[in-house]
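The values are calculated or read from the model by the stated rules, or taken from the named source; none is laboratory data. None of these values were measured; they are calculated from a predicted model. FYI the Cβ positions are ideal-geometry reconstructions off the backbone, even for glycines, and counts take in every protein chain you see. Accessible surface areas use protein heavy atoms only, side chains included; no ligands, DNA or RNA. Shrake-Rupley method; radii C 1.70, N 1.55, O 1.52, S 1.80 Å.
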Amino acid sequence: MLLSNLRIATMTSGYGLIENGSVSIASGMITSVAKKTTSAEAIDCGGRLLTPGLIDCHTHLVYGGNRANEFEMRLNGLAYADIAQAGGGIMSTVRATRAASGQDLLNAALKRHDSLLAEGVTTIEIKSGYGLDVETEVKMLKVARMLATLRPVDVKTTFLGAHTFPTEFKENHAGYLEILCNQALAQIAKEGLADAVDAFCESIAFSVAETEQVFKAAGTHGLPVKLHAEQLSNLGGAKLAAGYNALSVDHIEYLDEDGVETIAKSGSVAVLLPGAFYYLREKQSPPVAALRKHRVPIATDLNPGSSPVLSLLTTMNMACVLFGLTPEEALLGVTANAACALGLSDRGTIAASQRADLVLWDAERPGDLSYPLGFNPLAAVIRNGEIIRGSLP
Ligand code: DI6
Ligand code: FE
């Protein structure tokens with residue numbers, strides 16, 4: 001396949017724009033990216049914008065139930081943490097997810113999955129974490145894996161058994177850690193159900209010391225780690241994660257500059273999640289000025305409580321408006337930098353030998369993607385060299 005007359009945002013260095021460019025594809029790979037082509041067989045794309053396939057590197061899209069009631073409660077004055085302490089929050093979704101069948105979870109997840117895919121997502125990360133027992137965590141991860149067989153998308157799964165302590169272990173953290181680190185991780189690793197291990201390090205969830213136990217156990221199974229850290233307070237989770245060479249440290253509104261340096265040195269990336277910041281009406285912005293010297297992925301954090309966000313394009317806009325990222329940084333955040341957050345070096349940019357995961361947009365400039373709200377200019381999606389959505393001109 002040879003595509004020509006494109007405005008290509010290669011994302012190799014900033015936008016890495018190529019005007020009137022062409023891209024050739026063979027066997028699912030990009031074979032060349034050039035300035036112009038004279039080949040008569042080329043498909044003329046009429047000057048449209050081409051970007052890498054989008055990557056949502058942090059989601060919790062498999063879950064049961066609905067927490068719209070908590071949105072009402074928060075707007076009536078209750079705090080997110082108070083709702084969690086009273087047995088709502090994550091535990092509310094845990095009860096609904098335990099009660100749901102695998103098929104029910106799959107049906108609900110597919111709808112959310114499809115809205116992300118409709119905006120050009122070709123790789124997505126999905127976490128467990130609403131089971132908090134071995135059986136339900138395994139059920140969630142299997143549903144996440146199943147999504148990759150039902151839709152043309154790559155799914156990276158993350159085991160988040162350390163999302164919070166379930167009610168039955170509220171007074172027995174050691175007991176839950178035992179189940180998590182020994183039983184759950186052993187089974188999940190043996191069945192190959194997770195590509196990474198995550199934890200929620202926060203006063204309403206896991207402490208730094210408890211998180212470290214989970215990281216150690218992940219290491220014994222050869223699984224990389226990542227962390228929800230410094231979202232509501234500065235506990236020092238990000239530094240711990242850096243010490244364990246985490247793939248990413250996510251949220252980090254409360255991270256200080258020193259912490260930014262520590263994670264940057266470790267090679268971890270800091271994932272910004274503006275959806276949760278928006279929904280929880282947070283005031284503390286992440287340290288963007290310090291972060292932008294390094295790679296900054298962004299993601300929807302699609303989850304039933306703090307970020308019911310089903311649009312990566314909207315998330316790009318939020319990253320610009322709420323955090324002051326430039327549209328260029330926002331697009332890097334869902335392409336090249338998001339690939340880094342998942343440890344993937346074969347995608348996220350448009351260059352020879354990269355996977356041919358591409359999106360053609362009815363747009364002129366790359367900045368058009370993060371500018372409007374609620375508008376999807378997608379024209380076609382190519383994944384692994386095949387057109388999987390829309391059509392070429
Ligand atoms: N990601 C999470 O995992 C937690 N917050 C966040 O941004 C909890 C999400 C929830 O309330 O269900
Ligand atoms: Fe999250």
Conditions (1) surrounded by fewer than 20 Cβ atoms within 10 Å (Cβ to Cβ); (2) without any contact (Cβ under 8 Å) to a residue 60 or more places away in the chain; number of the one not met by LEU280: (2)
Looking at (1) away from ligand 1 (no atom under 16 Å from the Cβ); (2) at positive phi, which is the only condition ARG281 fails? (1)
Quick one: THR123 ticks every box in (1) of a type in the set (Ser, Thr, Tyr); (2) touching a strand residue (DSSP E or B) at 6+ places or on another chain (Cβ under 7 Å); (3) within 16 Å of ligand 2 (Cβ to nearest atom) bar one, so which box is it? (3)
Before we move on, is ALA229 within 30 Å of ASN69 (Cα to Cα) and either of a type in the set (Val, Ile, Thr) or open to solvent by less than 20 Å² (accessible area, probe 1.4 Å) (or both)? yes
The stretch 172-276: helices (runs of 4 or more DSSP H) wholly inside it with 2 or more residues that are under 26 Å from VAL288 (Cα atoms) and more than 15 Å from the chain's Cα centre (by Cα) are 208-220, 237-243, 257-266
What number of residues in the stretch 328-379 are of a type in the set (S, T, N, Q), farther than 22 Å from SER115 by Cβ and in a loop (DSSP other than H, G, I, E, B)? 4
Could you grab me the full set of residues in the stretch 101-129 that are open to solvent by 10 Å² or more (accessible area, probe 1.4 Å) and touching a helix residue (DSSP H, G or I) at 6+ places or on another chain (Cβ under 8 Å)? GLY102, LEU106, LEU110, GLU119
Looking only at residues that are buried (at least 24 other Cβ atoms within 10 Å of the Cβ) and more than 15 Å from ligand 1 (Cβ to nearest atom) in the stretch 232-258, which one is nearest to GLY175 (Cα to Cα)? ALA246
